[in-house]
Amino acid sequence: MQSAKRSESDWQGLVSEFLVCKRKLESKKEALLILSKELDTCQQERDQYKLMANQLRERHQGLKKKYRELIDGDPSLPPEKRNQVNLAQLLRDSRERVKKLTEEVKELTQRLTEAQGDNKLLRMTITRQRLGDEEVGVRHFPAHEREGLVRQLERAGLQMEEMEHNMKALTDELQDVKAERTVFREKADRLNVELNHILGNREARIIDVDALCMENKYLHQRFSQLQEEVNLLKSNIMKYKTALERRKTLAYTGNQTAVLSPESSQPNKSRRCCWKSRAAACRPRLSPSPTSSPWPRLCWRPSTRRTWSSSTRGTPTGSLETESQIWKGSLRPWRCQDYGVFQ
């Protein structure tokens, strides 16, 4: 019983395989028939194209002959009539050519539509052969999806061609850039060698022109910065100088504004006489020392002198103050009496 069941199951499997193979064989037969028909149509088209090419050659030769005849013209006719005849013939020929060309365009459009239909049929047959079942092929690949896939494939092919052209152009540009780089590198090496030869021909140290240019730029920038700093320092020094001069002038004018008494304003003979002796006493104190600089060394020892007030008008107040106390008050211009001459 088991062997009988197995034989029946095997027989059914073989029958199903036979049916599948039969369907495949039929589909392949149909495909072969379609391909043979297409081959016949292609051969016919080839023959037609050959005939058309021969006809076009004959037309071309005939037109050449006509053109030469028109250019030469009849010698019996006058030149004006020759020109008129030639123009009329040219217009007729051009109109005939236009008509023929329009007919050829129509025929070519019809052939193009037929070729597109044949391509669609071929694609359908190819998909059916791949899947083995017509219904499955129809389910998985409907007409609009097939058209979209074909368009995508065509676009992808065009994009691939464009990318290949771009890649070739880029490779050519890269080779040109490499060649230019080698040329510039050799030129830089030669310039470095020449510059080294000019500057002393030191074999140990090869000077780089680019490095020198960069260093020169950096030094120029640094020099400009230093110039700006010097100008700022000069302006600051001038400001300080003007401030010091103003302060000195203010101190000097404050000391000179003190009102003198009439007795002190009148010249006194005793004061005139003692001026020379006091000036002589002042000289050794201003003499320069041999160890110091050639400028006169001032004696800053404390000295006492009488101060005159503006309220008493020439009468001494009797107060004594040292030189250090006077100089702590304000800055004033140099005078002999401030350095201990009138003690």
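In this structure, residue 167 and residue 104 have a Cβ-Cβ separation that, at R0 = 41 Å, corresponds to a calculated FRET efficiency of about 0.55.
Say R0 is 35 Å: what FRET efficiency, to the nearest 0.05, do residue 35 and residue 149 get from their beta-carbon distance?
Working: r = 22 Å, r/R0 = 0.63.
That gives a FRET efficiency of 0.95.
Sequentially through the stretch 93-101, phi angles give Karplus couplings (6.51, -1.76, 1.60; θ = phi - 60°) of 4, 5, 5, 4, 5, 4, 4, 5, 5 Hz, Gly and Pro residues having no value and appearing as x.
Near residue 91, within a Cβ-to-Cβ distance under 14 Å, what is the net charge of the other residues, with Lys and Arg +1 and Asp and Glu -1? Don't skip to the answer; put the middle values down first.
Details: positive: 66, 92, 95, 97, 99; negative: 93, 96.
My count for the surroundings of residue 91 gives +3.
Phi-derived couplings, Karplus 6.51 cos²θ - 1.76 cosθ + 1.60 at θ = phi - 60°, listed residue by residue for the stretch 162-178: 4, 5, 5, 4, 5, 5, 4, 5, 5, 5, 4, 5, 5, 5, 4, 5, 5 Hz, with x used for Gly and Pro. Between residue 210 and residue 193, the distance separating the two model label sites (each 7 Å from Cα on the Cα→Cβ line) works out to 1.9 nm. For the stretch 1-65, the tally of Lys pairs with Cα-Cα distances below 28 Å comes to 8, considering only residues 8 or more apart or on different chains. Close amide H partners of residue 208, meaning residues 5 or more places away or on another chain with modelled amide H under 5 Å apart, do not exist here. Here the spin labels are modelled as points 7 Å beyond Cα on the Cα-Cβ line, and at residue 20 and residue 87 they lie 8.1 nm apart.
Laboratory data are not the source of any read-out in this text; all were calculated from the coordinates shown. This is a predicted model, so every value here is computed, not measured. Don't worry about glycine lacking a Cβ; one is built from the backbone with ideal geometry, like all the others, and counts go over all protein chains shown.
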